[in-house]
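Read-outs throughout are calculated quantities, based only on the coordinates presented, and are distinct from any laboratory measurement. Being a predicted model, the structure only gives us computed values, none of them experimental. Using ideal geometry, Cβ is built from the backbone for each residue, glycine included, and neighbour counts are taken over all protein chains shown.
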Amino acid sequence: MGTSFRVFLDVVWVFLCVAVFNVDSCGSGGRLRIKNCIDKDKIYGHGSTFDLPSKPCQRYKCDNQKITRIKAECMYDGRCFKLGFILGKSGGPIFKCVLDDSKRPYFDQIYKDCNVHGHTFKHQAIFYFPFDSCQLHLCNNSKVEALKHDCFFQGRCYKLNKTYHLVTGTYKCIEIGINKVEFKKNDDDDDDDDDDDDDDDDDDDDDDDDDFLYYTL
């Protein structure tokens, strides 16, 4: 092989070496210089796989001075669990092994939807019952929590624990159980002198709540 041809091969090799690898990895005479990996003063040989004490349940590989993660699992109670593994007990919280935005594995809690009379609401959704637009609720991991309890009567809403003088008599919105209210008629109108004089006056007091009264899903 002539000298000029060997020089040509060296030039081609250096070009490919710089383009594909990096300048530091290119040795003289067309030889590739392979380097080991170092993490916290510990040396890992090129091509070896290893675990890092600071990152349990994860496996890494040394590839010419570059450390690459090749396995990521979640740790719980000293054990490793694969991505997608569901962890939990019956009746208790449920968790799933996932990666966060930084690609770090962790157990994320799975929240359940709420089912109300055939309607499904996502966790943390705020909604009115389909059959009653006066009661505002929150879906909290399959459990429905009341945020606002008003009474529905003849097409409109009336505030909880307030008394109203209507044409048909005096009524009060009262709570009768969990997530249950009743617009109860009061037979003695004289006991309500300190409350609203009539239904129309209460409209002025409730202007701040109009956005709730007409909220729709």
Cross-link pairs Lys96/Lys122; Lys61/Lys96; Lys71/Lys103; Lys89/Lys180 - those with Cα-Cα distance over 20 Å: Lys61/Lys96; Lys89/Lys180
Separation in nanometres of the label points that stand 7 Å from Cα toward Cβ, at Ile176 and Lys55: 6.1
Amide H within-cut-off set for Ser48, under 5 Å, with H built and near neighbours excluded: Cys62
Extension gain (nm, one decimal) between Ser102 and Phe131, 0.36 nm per residue minus Cα-Cα: 6.1 nm
Kirkwood hydrodynamic radius of the stretch 75-146, from inverse mean 1/r over distinct Cα pairs, in Å: 14.2
Virtual spin-label span in nm between Ser142 and Asn161, 7 Å along Cα→Cβ: 3.3
Nonlocal amide H pairs with Leu160, under 5 Å, H built at 1.01 Å: Cys151
Net lengthening on full extension, Ser48/Asn64 (0.36 nm per residue, minus Cα-Cα): 4.7 nm
